[in-house]
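The values are calculated or read from the model by the stated rules, or taken from the named source; none is laboratory data. This is a predicted model, so every value here is computed, not measured. Positions of Cβ are backbone-derived with ideal geometry, glycine not excepted, and every protein chain shown enters the neighbour counts. Note: accessible area is taken over every heavy atom of the protein model, side chains too, but ligands, DNA and RNA are not part of it. Shrake-Rupley method; radii C 1.70, N 1.55, O 1.52, S 1.80 Å.
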Amino acid sequence: MNGLALAKNHPTSDAGPASNTARFDSQPLEDAIAASTTDPTRLLQRRYGDASLERYSPANQVIEVLLRHRSARRFFPEPIGDDLIKVIVAAAQSASTGLNFQNWSVVLVRDEARKAKIATLAADQQFIRDAPVLLIWVADWARARAIAGWHNAPTDGADFFDSTISTIVDTALAAQNALTAAESLGYGACFVGAIRNNLEPIADELGLPPHTFPLVGLSIGRIDPTDKASIKPRLPQEAILHRERYAAPDPQLIETFEKRIGAYYESQGDPHSWIASVLRRVRGGPSMEGRERIRDILVERGLPSW
């Protein structure tokens, strides 16, 4: 299926305002890049903020959906029915999972008061309140422990650090599948990592049992045309892809990306430095926003992670 056919399933274009043709590197992005979000080569150029990238192949419908991803934060109040939720969760369950243990759960939140409470706890982000659906992805060892209890079996293996890692990986893979499924059906979505700012009260609000914790949220809905977010540039592949052996970061690649992402932030009316954001988080302190306690919280919730 070609790009034009794919676009028919995506009424909410992510082309964004004309200002998204701001300069990346030393040249402006070509008009064609800003005008089209279906051609794979142009999508790739937008993903890296680099109009000089050569023709991209191979490509298919799945790759186009992935390259088109953007985080939507303005939604119509249009309800999302259970049929769509079933499809999205089925896609999530189709993700790879360690030993087929499927150590995750997802909590569907539609109640306006509950969404508002979670939004306040998650950095007071309005889009969480506005989206018709909030899915909270839960790292879950409670189910496996319950199975062990039914069979009078020991549960020591659930306490190891690798068990915590495996459930986090499984949960993240499932959540990403869900986001891609929603976007492939023409919906917008945005992950909510800030639920970990106040992990305990959100777990209480959702009635989560011991041996579980909320890992990430996902807001889903039809995108409001006033949402101007576009495809956000990523680091050059040369900074990410290591061949055979790991190579030390190249300062020039990072500086190149700083310019490209800076131009993107300016086009969104939010000028700031990506490098400064990295330095702030690496420094710790207030930038952790309560997440520095997660290790202790996991222990309290029955995930000692030895």
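Annotation for segment 126-134: no member residue is among the acidic types (Asp, Glu) and out of contact with any Phe, Trp or Tyr (no Cβ under 8 Å at 6 or more places or on another chain).
Filtering segment 192-225 down to residues that are acidic (Asp, Glu) and either touching a residue at least 40 places away in the same chain (Cβ under 8 Å) or open to solvent by less than 20 Å² (accessible area, probe 1.4 Å) (or both), which residue is farthest from Ile85 (Cα to Cα)? Break it down stepwise before answering.
Applying the first criterion (acidic (Asp, Glu)) to segment 192-225 yields 200, 204-205, 224.
Restricting the remaining residues to those that are either touching a residue at least 40 places away in the same chain (Cβ under 8 Å) or open to solvent by less than 20 Å² (accessible area, probe 1.4 Å) (or both) gives 200, 205, 224.
Numbers: Glu200: 26, Glu205: 21, Asp224: 20 Å.
By that ranking, first place goes to Glu200.
The residues of segment 72-101 that are in contact with a Phe, Trp or Tyr (Cβ under 7 Å, 6 or more places away or on another chain) and either assigned to a loop (DSSP other than H, G, I, E, B) or open to solvent by 40 Å² or more (accessible area, probe 1.4 Å) (or both), listed by number, are Arg73, Arg74.
Checked against (1) within 24 Å of Gln45 (Cα to Cα); (2) charged (D, E, K, R); (3) open to solvent by less than 60 Å² (accessible area, probe 1.4 Å); (4) touching a strand residue (DSSP E or B) at 6+ places or on another chain (Cβ under 8 Å), Lys259 passes all but a single condition, namely (3).
From the list Val133, Val169, which one is among the β-branched types (Val, Ile, Thr), modelled with pLDDT of 95 or more and open to solvent by less than 20 Å² (accessible area, probe 1.4 Å)? Show your work before the answer.
Values: Val169 fails: open to solvent by less than 20 Å² (accessible area, probe 1.4 Å).
After ruling out the rest, the residue left standing is Val133.
Within segment 102-121, the set of residues being in a loop (DSSP other than H, G, I, E, B) and in contact with a strand residue (DSSP E or B) (Cβ under 8 Å, 6 or more places away or on another chain) comprises Asn103, Arg110. Being at pLDDT 95 or above and either more than 18 Å from the chain's Cα centre (by Cα) or crowded, with 20+ Cβ neighbours inside 10 Å (or both) is the filter here; which residues of segment 226-235 pass it? Result: Pro233, single match. The numbered conditions (1) assigned to a helix (DSSP H, G or I); (2) more than 19 Å from the chain's Cα centre (by Cα); (3) within 24 Å of Ala72 (Cα to Cα); (4) not hydroxyl-bearing (Ser, Thr, Tyr) are all true for Arg281 except (2). Taking the criterion of being outside any loop (DSSP other than H, G, I, E, B), touching a residue at least 24 places away in the same chain (Cβ under 8 Å) and aromatic (Phe, Trp, Tyr), the residues of segment 122-164 that qualify are Phe127, Trp137, Phe161. Of all residues being closer than 25 Å to Asp159 by Cβ and of a type in the set (Asp, Glu) in segment 284-298, which is surrounded by the fewest Cβ atoms within 10 Å (Cβ to Cβ)? Just the residue, please. By that ranking, first place goes to Asp296.
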